[in-house]
Amino acid sequence: TAELNREIWAALEDEVRSWAEDDGEVWTITGPIFFDPDEDDASKADGFLSFFTIGSNEVGVPTHCYKIVVRKTDRGELRAVGFVMENQKKKFPKPYKFEKFIESIDVIEERTGLNFLPDLDARTEDQLEKTKAKAADWGLGN
């Protein structure tokens, strides 16, 4: 939606660019998620997912979007943060609080069915993916 793409998502992309300028290099992975949060609640889950389509080819419009950012610390260790935002038509309140959208990479992998960091050694991959990043480590939050 325009409310996501032109506003908060654009601001998040600006933030990621500033990390790249400060750190010299970051890696980003961005994409769609088709997910119904009710499916996480057994009392609401029905096994179905509703989403909109557009155009004559009925292209699916994602319910959410994700962005994963990986960078090296000054000591050469990898750090990662994942964000998930609903592809909603209502405006996100300003000032934007990116920390509210932080999710673990494992959650994003579960929702997309993808494995994002398969070439890392198993220990590093597990460490980066299982833990939700701390906002302060990325200069986010109060």
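The values are calculated or read from the model by the stated rules, or taken from the named source; none is laboratory data. Treat the numbers as computed from the prediction; the structure is a model and nothing was measured. Heads up, the Cβs are rebuilt from the backbone with ideal geometry, glycines too, and the neighbour counts pull from every protein chain shown. Side chains are part of the model used for accessible areas, which takes the heavy atoms of the whole protein and leaves out ligands, DNA and RNA. Shrake-Rupley method; radii C 1.70, N 1.55, O 1.52, S 1.80 Å.
Condition check ((1) open to solvent by less than 90 Å² (accessible area, probe 1.4 Å); (2) in a loop (DSSP other than H, G, I, E, B)) across all residues:
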| residue | (1), (2) |
| --- | --- |
| Phe51 | no, yes |
| Asn57 | no, yes |
| Gly76 | yes, yes |
| Lys90 | no, yes |
| Pro95 | no, yes |
| Asp106 | yes, no |
| Glu125 | yes, no |
| Glu129 | yes, no |
| Lys132 | no, yes |
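Pairing residues of the range 2-29 that are closer than 19 Å to Asp74 by Cβ with residues that are surrounded by 15 or more Cβ atoms within 10 Å (Cβ to Cβ) and of a type in the set (Lys, Arg), at Cβ distances under 6 Å and at least 6 apart in sequence or on separate chains, gives Asp23/Arg71; Val26/Arg71. Name the residues in the range 43-53 that are at pLDDT 85 or above and not polar (S, T, N, Q), would you? Residues satisfying the conditions are Lys44, Asp46.
For the range 59-68, a residue qualifies if it is touching a helix residue (DSSP H, G or I) at 6+ places or on another chain (Cβ under 7 Å) and either open to solvent by 20 Å² or more (accessible area, probe 1.4 Å) or in contact (Cβ under 8 Å) with a residue 60 or more places away in the chain (or both), and exactly one does: Cys65.
Give me the residue from the range 113-123 that is under 28 Å from Glu7 (Cα atoms) and at pLDDT 95 or above and, out of that set, most open to solvent (accessible area, probe 1.4 Å). For the range 113-123, the residue satisfying everything is Leu114.
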